[in-house]
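Notes for the one structure printed next.
The values are calculated or read from the model by the stated rules, or taken from the named source; none is laboratory data. These figures come from a predicted structure and were not determined experimentally. Quick reminder, even Gly has a Cβ in these numbers, built from the backbone with ideal geometry, and neighbours come from all protein chains shown. Note: areas computed on protein heavy atoms with side chains; ligands, DNA, RNA excluded. Shrake-Rupley method; radii C 1.70, N 1.55, O 1.52, S 1.80 Å.
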Amino acid sequence: MEKYVINGGRKLSGKLRVSSAKNSVLPMLAGAILTDERVVIKDCPKILDVFSMIKILNVLGVKTEFCGNDLVVDSKNINDYVISASLGKELRSSIFMMGALLSRMKRAELSHPGGCDIGARPVDIHLNALKELGVIILEENGEIKCYAEKMRGRVIHFNFPSVGATENVMLASVLAEGKTEIHNPAKEPEIVDLMNFLNSMGGKVYGAGTSTILIEGVKKLSGTTYTPIPDRIEAGTFLLSAVITGGEIELSNCNAKNIWSLIHKLCDNTCKVTIKNDIIYVKSGNERKSFSFSTGPFPYFSTDLQAQTMALLSVSKGESQVTENIFEFRYRHVDELIKMGADIKVKGRTAYIKGVERLNGAQVLAEDLRGGASLVLAGLNASGTTVVENVRHIKRGYTEMDEKLRFLGADIKTIYD
Ligand code: EPZ
């Protein structure tokens, strides 16, 4: 098993360039099969979730090749539409292969998707929306089998602004007959990025980021070369790494607007934050002051930064409350933080935190992607040595987190045993 070994107490400092967004690249990899021409995703992060999606594409007959940091996808010879349970279980993103496969192959067969174990993660919003577009769907023993000779545009209302379901409908309707409207879609920056990606292929998608997305079906999509937006969650995670260690760092390739809710809170925590173009500079304050927050759909506080921010609040002066409104159980990191000396009590969807002076190193277990990142941040603060086990979870969403933290002055190394 791969582990991070962290000797805490070092103040981080230096400059770091943020990678492209995992949650943009994954739907784009699905979208790449909507054309038989070459698609190039520039600056593609080499993370485990990307390699899992590549495995799925290769099994379907799609050629992929990294040229430096650019990923070239050629689906000219795609010849299958079945995603095996073992592959589909590796990550949540297998679900939006459904919309793309239905557009390209008229069929899709896959199992209920995997991904972080942070709640039930049903797919009812996805399936109901696809049925509206004319897809015939058979569900049995956890398998989903879909067929659509030709999808037809419809007005679709979401009862919850699901990110994945919004992406699935965009991928399914961009080549459908007629117009599709999605009311109450997700408004995350990655949805806007997917719209721009599809439009760079000749798609006609409008309104992503607002409360209605309009997709006019086109006959054909062409290849493209596209650079995804920066990863706002990676940016937020590294900003927090500086603050939890009392350091100061400068991040480039950022879009501060996309993590405005976190930046506001860091100012409450007494940090100094300066923004200039794609640069975010953060300098820790003299003492860390607690603040409370609730997660919600964009532009509210991102659920993907909840665990990492909870690590900071564990060592911030005063009491705070964190309410997780997106996933029903995204607190698997709490027990591990408590092992390190954090004072946290969870009641329902709310965690009540009393800040302590400093955490203590311990042996802890990463149980999901962002929970794992939270434990790394806690280890950077803690006295003594922290061993974070099962870092495979972390490598699903961060490229070389240990290397980047070492570059900023952290004492962290990877061991295998
Ligand atoms: C995407 O997951 C992201 N993953 C998640 O990031 C992120 O936390 C989430 O959006 C919310 O922003 C990717 O983009 C690959 P949802 P997704 O559909 O699409 C319920 C990370 O750490 N729901 O918006 O699965 C669901 O149970 C990962 O990078 C239904 O009830 O999120 C959840 O409670 C973790 N029925 C809520 O909606 C459905 O059909 C949000 O889910 C779909 C979702």
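Miscellaneous remarks
- Listed conditions (1) touching a Phe, Trp or Tyr at 6+ places or on another chain (Cβ under 9 Å); (2) at positive phi are all met by Gly202, apart from (1).
- Test for Arg121: is it under 25 Å from Arg370 (Cβ atoms), among the basic types (Lys, Arg) and open to solvent by 40 Å² or more (accessible area, probe 1.4 Å): yes
- A single member of Ile41, Ile54 is surrounded by 22 or more Cβ atoms within 10 Å (Cβ to Cβ), out of contact with any Gly (no Cβ under 6 Å at 6 or more places or on another chain) and more than 30 Å from Met340 (Cα to Cα), and it is Ile41.
- Residues within segment 154-168 that are within 12 Å of the ligand (Cβ to nearest atom), of a type outside the set (Phe, Trp, Tyr) and touching a Ser or Thr at 6+ places or on another chain (Cβ under 8 Å), tallied: 1
- Filter result for Val174 (within 19 Å of Thr35 (Cβ to Cβ), modelled with pLDDT of 95 or more and open to solvent by less than 60 Å² (accessible area, probe 1.4 Å)): yes
- If you go through segment 1-31 and keep only what is in contact with an Asp or Glu (Cβ under 9 Å, 6 or more places away or on another chain) and part of a helix (DSSP H, G or I), you end up with Lys22, Asn23, Ser24, Val25, Leu26, Pro27, Met28, Ala30, Gly31.
- Residues of segment 138-156 that turn out to be modelled with pLDDT of 95 or more, surrounded by fewer than 20 Cβ atoms within 10 Å (Cβ to Cβ), touching an Asp or Glu at 6+ places or on another chain (Cβ under 9 Å) and not in a loop (DSSP other than H, G, I, E, B), as a count: 3
- Taking the conditions (1) over 15 Å from Gly223 (Cβ atoms); (2) under 19 Å from the mean Cα position of the chain (by Cα) in turn, Ile41 satisfies each one other than (1).
- Considered as a group, the residues in segment 249-282 that are touching a Leu at 6+ places or on another chain (Cβ under 8 Å) and in contact (Cβ under 8 Å) with a residue 60 or more places away in the chain include one that is most open to solvent (accessible area, probe 1.4 Å), and that residue is Glu250.
- Entry remark, segment 69-108: residues being of a type in the set (S, T, N, Q), open to solvent by 50 Å² or more (accessible area, probe 1.4 Å) and not in a loop (DSSP other than H, G, I, E, B) number 1 in total.
- Counting the residues of segment 362-409 that are away from the ligand (no atom under 16 Å from the Cβ) and in a helix (DSSP H, G or I) gives 10.
- Single unsatisfied condition, Asn128 versus (1) surrounded by 16 or more Cβ atoms within 10 Å (Cβ to Cβ); (2) within 11 Å of the ligand (Cβ to nearest atom): (1)
- Subset of segment 196-212 that is free of Cβ contacts under 8 Å to residues at least 60 places away in the same chain and touching a helix residue (DSSP H, G or I) at 6+ places or on another chain (Cβ under 7 Å) - its residue that is most open to solvent (accessible area, probe 1.4 Å): Gly209
Condition check ((1) free of Cβ contacts under 8 Å to residues at least 60 places away in the same chain; (2) away from the ligand (no atom under 11 Å from the Cβ)) across all residues:
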position: Gly119; (1), (2): no, no
position: Val135; (1), (2): yes, yes
position: Ala148; (1), (2): yes, yes
position: Arg152; (1), (2): yes, yes
position: Met170; (1), (2): no, yes
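- Check on Leu57, at pLDDT 95 or above, under 21 Å from Leu221 (Cα atoms), part of a helix (DSSP H, G or I) and touching a Ser or Thr at 6+ places or on another chain (Cβ under 8 Å): yes
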